[in-house]
Structure formats: structure tokens, C-alpha cells
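Peer 1: Have a look at this one before I ask anything.
Laboratory data are not the source of any read-out in this text; all were calculated from the coordinates shown. Since the model is a prediction, treat every value here as computed from it, not as a measurement. Backbone-built Cβ (ideal geometry, glycine too); neighbour counts: all protein chains shown.
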Amino acid sequence: MAGGDDLLVLVDVLDRPVGQAEKLDCHRRHLLHRAFSVFLWRRVGGRIQVLLQRRALGKYHSGGLWANSCCSHPRVGESLPQAVERRLAQELGVTGVDCHEVGSFVYYAPFANGLAEYEYDHVMVGEYDGEVLPDPDEVMDVRWVSADDLSAELARDPDSFAAWFITAAPMVLARLA
């Protein structure tokens, strides 16, 4: 992305816009900005499954960790639904999913490289049972996991998941149960 394509919306703790900044600057300066986390789900044999992605190792933070299906930031001038649609297509090759918000939260996660995520995260869910074509620059692996298995895995090995996922996943699992 170049120029205005990576301008993000700075917000206060109530998600009210207070400015804008380039994506990397948000993470370098630890600025609170708007974000979203998408969880795609499907029902198989009466059980709910959630699509997880393992972040590519080349990501500037959290590479190799498991996370929700897709996550990113709305750009300045872009609605949340537009941003969700854009990133699902870019990261996973997924289109035509009707996503809706199930909650939101603010979190702060500093990383060893000096960057941090400080986000007002909108948690989105959408039902999907089609083909997934991950972009290898974004995603190194994907897997469908049952809600029960995910709950157990989160309890057993939270360090294998991205920081925001620890808060977002239980919120989603409770809504899908």
C-alpha cells in the first residue's frame, strides 16, 4: 500500500474519531486506532467450527501465531463493512460473506520490536463454508476448529495465539454457542 491507502482512523476509548495516521506510525507511536477481527464460522454435523489463520512469519508482529480468520483496519473514509469485505478478499480470497458485529473492546499489546497494537477492535462474525485461498504474504496456514476444541486449546496454550485473539475468541464462542 502506498500513500493514503494506509491512513488509519485514530479514535478515543469510545471509538470516536480523533485524527488519522499512517499504519506503521500508529504501531510505532502506540496510537489508539480502529481495527476489526473477523471470525468466519460454519456448522458441520451440528457442531460449530471457526476458521483460524496462522499469521505469516514475515508480518511485522505476531508472525507464526494463530489468530481469527482475518483482521485489519478500516482506512480513512472507508466503512467497517467495506474494510471487512476488502480484507477477506485480500487475505483469504473470500467474497460474498455477510458479516455482523458481535462486540468490541480496547486492548494494548507491546511487542519486543518496539511496535505495539493499541486498538479499538470491532469483532465481526460471518457464516461461510466455501473455498479459502490464503495470501502467503499474510497467512501461512488455515484450519477449521470446533468451538469446543478451540476453547480447550486457548486454555491449554494461550501463547500460541495473537494477543487480541485471547479476548475476541471467547466473545465469539459465547455468541455462536
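Peer 1: Note down the nm distance, to one decimal, between modelled labels 7 Å out along Cα→Cβ at residue 152 and at residue 14.
Peer 2: Taking the simple label geometry, residue 152 and residue 14 are separated by 4.4 nm.
Peer 1: Choose one of 58, 40, 151: the residue whose Cα lies farthest towards the positive end of the charge dipole of the chain (beta-carbon charges +1 Lys, Arg; -1 Asp, Glu; about the Cα centre).
Peer 2: Positive-most Cα among the choices belongs to 151.
Peer 1: Short version: ³J(HN,Hα) in whole Hz for each residue of the range 130-136, in order, from phi by Karplus 6.51 cos²θ - 1.76 cosθ + 1.60 (θ = phi - 60°), x for Gly and Pro, what are they?
Peer 2: x, 6, 10, 10, x, 7, x
Peer 1: Next up: Once you have the Kirkwood Rh of the chain from its Cα pairs, apply Stokes-Einstein at 10 °C and 1.306 mPa s and quote D in µm²/s.
Peer 2: Working: Rh = 16.3 Å.
The calculation lands on 97 µm²/s.
Peer 1: Hey, fewest Cβ within 10 Å first, where do 149, 6, 98 land in order?
Peer 2: Neighbour counts put them in this order, fewest first: 98, 149, 6.
Peer 1: For the chain, what is the mean residue ellipticity at 222 nm derived from helices alone (per DSSP H run of n ≥ 4: -39500 (n - 2.57); sum divided by total residues; nearest 500 deg cm²/dmol)?
Peer 2: Values: 4 runs with 41 residues, N = 177.
Only helices count here, giving -7000 deg cm²/dmol.
Peer 1: Sorted from fewest to most neighbouring beta carbons within 10 Å, what does the list 167, 95 look like? Write out the running numbers ahead of the final one.
Peer 2: On the way: 167 15, 95 10.
If I rank by nearby Cβ atoms, fewest first, I get 95, 167.
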